[in-house]
């Protein structure tokens, strides 16, 4: 199997600081620091612990839900509205109005009631159509939390205003051939993240999901913390951006012999927590300033450098600044140097390199993690991803087998075993490999054809409007082009859904 084919397959199927102890206590109380009870008097700690236990029990009894992304319903509503307009053009007014009224009543209702519900033990899809489809296909629409195999989160830049970027997060939870996807947009998303993610082991979560679990907060509260910490606003920091771009020179020349006291480490930890919350809320300039202050206090903290590098990379992407991007990679390499034998941090660094497209460096870091700290699940999985990118199927099988041996929960063992079996079949059965390559290549072609058809259909709309005021022939051409293009577009979408799943490994070609 060629490297390009495997790559296509993989792509389808990746200065001032807190100045007094009262502010420090405030941040320790509002953050997710696991050690925040240790500095309180024993009696007070016991009282606080009992209050937290009661709050956790009460929270676990709550049923939290979030609406499913309504994209499919919007598509259906668009198609029925277009068909209604076409029926009016054909002078079938009664059928057109009936279809238009029914679609605008039914589809918004279905979209509003289609939700993902978590009751503390399982995820459930409540939509009528999703349940009907599940029963029709004899599949499930519920997923136990213990059966979750993978969680992936993506950050999409929805809007940029000055130094602030408004992110929209999309999270996909998978397990037992079920997929639950939901996106940010309000308090429901934060509640789902804070309730589900702490119940899952870290090996199930990707880098972004771990950050959401630890640092996702309400933006207004985050800004209030930044104000208490005397972090300037984004408007003030924008004027000194050029000065910041050269400030990393001080990081490289920082005295490595500097002794960091407990108070400085405490302040740096508070600032790191605040900086990450600011970063996930989209306040990148303020986040960078908080990271800078934390690094002044504790320049040798590898985890702090790692988080700073990810923030710097996000800022470079939003500003399309290649110089800042190179600085982000320099910070990653510095974190790698100071990670020593921290296998967890090295594995997370490898995942970041892989996410940013530096696969050679990612392979080097994963190998370093194995050599210095022993093989872990994340490092084995990362090496499997790298081997797949390089087209080394035998290495992929070996690494997934190793990950299966190191998996700490049945869901991960099931997933790694399925991956190992799948690539073993690809490696041993040329006919099966050819069918899978054909399926993946066809999916790529369908995606390209789908985009082309939609563009052609949109080109037909102006022809329809222009023809209504000038020439009926132009209108007829516009309707014909749009109708045929949309019909093909719908067929391509259905074909993609049919071909999205892998060919079963027990499939035998009779020929």
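Couple of notes before you dig in:
- Scan of region 347-359 for residues that are under 24 Å from residue 411 (Cβ atoms) and either at pLDDT below 90 or surrounded by fewer than 21 Cβ atoms within 10 Å (Cβ to Cβ) (or both), ordered by number: 355
- Qualifying residues in region 176-195 (those that are under 21 Å from residue 157 (Cβ atoms) and in a loop (DSSP other than H, G, I, E, B)) - the one modelled with the highest pLDDT: 184
- Flag if residue 198 is in a helix (DSSP H, G or I) and not assigned by TED's automatic domain parsing to the domain that holds residue 85: yes
- Residue identified as surrounded by 19 or more Cβ atoms within 10 Å (Cβ to Cβ), at pLDDT 90 or above and part of a helix (DSSP H, G or I) among 330, 316, 394, 362: 362
- When 305, 383 are checked against the criterion of being part of a helix (DSSP H, G or I) and closer than 29 Å to residue 221 by Cα, 305 stands alone in meeting it.
The values are calculated or read from the model by the stated rules, or taken from the named source; none is laboratory data. Keep in mind it's a predicted model, so treat the numbers as computed, not measured. Using ideal geometry, Cβ is built from the backbone for each residue, glycine included, and neighbour counts are taken over all protein chains shown.
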